[in-house]
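Working notes, structure below.
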Amino acid sequence: MKKLLTSLPAALVGMPLWAQAPGWVEDSLYRSGKINAVVVVVAVILVGLAVWMFRMDRRITAMERDRAKGS
Amino acid sequence: MKHWWWKLLGVLLLLGASVAALRVPLSPALVHVEPGRIAPGPVELTLTGYNTHFAQEGVKVFLENGGERLCATEVQVLSPTLVQARFDVPEGLRDHLSNVVVVDVTHGRLAIPGAVFTTGTGDGSGVESCAETLADAAPVKTFTFPNRNILYESIRNLCFHVPMWFAMIVLMAISVWKSVRALGSNDLDDDRAALHAVQVGLLFCGMGLVTGSIWARATWGTWWTNDVKLNGSAVTALIYLAYLVLRGSVQDPHKRARLAGIYNIFAFALLVMFLFVVPRLNAVDSLHPANGGNDGFGDLDLDDRLRTVFYPACMGWILMATWMYDLRLRAARLQERLER
């Protein structure tokens, strides 16, 4: 949680600084009717969900370990 | 599984809407005209279409300038997406900018407004050629998304980026409801529910910010700009991060529940202000659709095709987000029971 708390504002503040993205990123975002903008957006959402799933998994694993220790 | 039906509904809506959002073709459109400047005399324009199927016969091209039509003297279809048109541009076009229009049987009317620039203007060319021969053809109706310049294929992001915010708002609304209940009942479980709704809501807020930033790069040419809507959403994220910081700074659980509950009510009020009220004030300018006096996507979506995919996508994401919050809350309850 702490890591998340510190990294999110940093990402927000840093956002304008990404403006100098490498050329191939720019090119691929604009090529073929901008479909890659959609691909990247969908990828970001899937990665976000995956991160959430992993964190949830860790939570439950920790509980399972606690229970194993307790009994 | 508890209440499985709405979870299944969420998955099915999301699946259907996402496949449709990625697979529905864009409607045919003209996307490019070369050159962008013309002068009186013979001119050859090359028109590039997107998802067009120009046939060898029956394609008509004309310029619209100040209410007058100037027809191409010769049209050559090079490929289903490429057309060459020759014009004899007379002196004295009325406006600097002309629309380029293609009319044919399959597409009806395709146009790029203000696509070519003329140096020097007059009182009109007096040409009325071909105006009567161009009865507007009716296009074949298929299920397509609007093809709008600047957006093009990225219009599909509407079904991914916007539902993130809808999901976040629903989670924050759940959170404020739980907070109000916690203030009334002094029940720590309501307070816990409010916390976990905010945490999942912040995930969707983060995904909304990042996907919006990517979309902005592809359409406005910048990852971030000092736009009222963008800054409003960033400030909203910070307000809710501060909610987590506030909780972390109070040790006593009952005191924490009361403080966090009151803060959460203010936070939600600010969310509504920053995301909906301030960007829609007529006094502000915004790049973002449906804000600062801009058209929303509803105005593009003349035949409701976008809506039929967008609404299920929103519903699906809202149900998924609620499910995630539900899982998180149940896990937290179990954890507390284990720690006792």
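The values are calculated or read from the model by the stated rules, or taken from the named source; none is laboratory data. Model, not experiment: these values are computed from the prediction. We place every Cβ from the backbone using ideal geometry, glycine too, and count neighbours over all the protein chains shown.
Just to check your reading of the model, which residue among B:Leu171, B:Leu183, B:Leu202 is over 20 Å from the mean Cα position of the chain (by Cα), crowded, with 23+ Cβ neighbours inside 10 Å and modelled with pLDDT of 95 or more?
B:Leu171
Which residues, counting only those in region B:282-340, are among the aromatic types (Phe, Trp, Tyr) and within 15 Å of the chain's Cα centre (by Cα)? Can you show your working first?
Kept after step one, since they are among the aromatic types (Phe, Trp, Tyr), are these residues of region B:282-340: B:297, B:310-311, B:317, B:323, B:325.
Within region B:282-340, B:Phe297, B:Phe310, B:Tyr311 qualify.
On the basis of being within 14 Å of chain A (Cβ to nearest Cβ), within 21 Å of B:Met164 (Cα to Cα) and touching a residue at least 40 places away in the same chain (Cβ under 8 Å), does B:Ala321 make the cut?
Judged against the criteria, B:Ala321 is a match.
Limited to region B:275-288, what total is found for residues that are surrounded by fewer than 18 Cβ atoms within 10 Å (Cβ to Cβ) and either aliphatic (A, V, I, L, M) or within 18 Å of B:Gly208 (Cα to Cα) (or both)?
Going through region B:275-288 one residue at a time, the tally reaches 6.
Would you call A:Leu49 modelled with pLDDT of 90 or more and more than 8 Å from chain B (Cβ to nearest Cβ)?
yes
For region B:46-95, which positions are touching a Phe, Trp or Tyr at 6+ places or on another chain (Cβ under 8 Å) and within 14 Å of chain A (Cβ to nearest Cβ)?
Selection gives B:Tyr50, B:Thr81.
What are the residue pairs meeting all of these: first residue in region A:52-71, first residue at negative phi and facing another protein chain (nearest Cβ under 10 Å), second residue basic (Lys, Arg) and assigned to a helix (DSSP H, G or I), Cβ atoms under 9 Å, and 6 or more apart or on different chains?
Close Cβ pairs satisfying both conditions: A:Trp52/B:Arg328; A:Met56/B:Arg328; A:Arg59/B:Arg328.
Do you know which residues across region B:215-247 are modelled with pLDDT of 95 or more and within 8 Å of chain A (Cβ to nearest Cβ)?
The answer is B:Ala234, B:Ala237, B:Leu238, B:Leu241, B:Leu244, B:Val245.
Residues of region B:51-83 being among the β-branched types (Val, Ile, Thr) and not in a loop (DSSP other than H, G, I, E, B), which ones?
B:Val61, B:Val75, B:Val77, B:Val83
With B:Val210, B:Val176, B:Val198 as the choices, which residue is β-branched (Val, Ile, Thr), within 30 Å of B:His254 (Cα to Cα) and within 14 Å of another protein chain (Cβ to nearest Cβ)?
B:Val198
Can you tell me how many residues in region B:137-168 are at pLDDT below 95 and either closer than 30 Å to B:Asp252 by Cα or not in a helix (DSSP H, G or I) (or both)?
Number of matching residues: 15.
Residues are listed down the side, and each one gets a yes or a no for (1) assigned to a loop (DSSP other than H, G, I, E, B); (2) farther than 21 Å from B:Val176 by Cβ; (3) outside the structural domain of B:Gly298 (by TED's automatic domain parsing):
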residue	(1), (2), (3)
B:Asp190	no, no, no
B:Ala197	no, no, no
B:Ala218	no, yes, no
B:Asn226	yes, yes, no
B:Lys229	no, yes, no
B:Gly232	no, no, no
B:Ala260	no, no, no
B:Phe274	no, no, no
B:Val278	no, no, no
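Would you confirm whether or not region B:284-292 contains a residue that is among the polar types (S, T, N, Q), in the same structural domain as B:Ser175 (by TED's automatic domain parsing) and more than 29 Å from B:Asp187 (Cα to Cα)?
We begin by selecting, within region B:284-292, every residue among the polar types (S, T, N, Q); these are B:286, B:291.
So of that shortlist, the ones also in the same structural domain as B:Ser175 (by TED's automatic domain parsing) come out as B:286, B:291.
Now drop any that are not more than 29 Å from B:Asp187 (Cα to Cα), which leaves B:286, B:291.
Yes, because at least one residue in region B:284-292 is among the polar types (S, T, N, Q), in the same structural domain as B:Ser175 (by TED's automatic domain parsing) and more than 29 Å from B:Asp187 (Cα to Cα).
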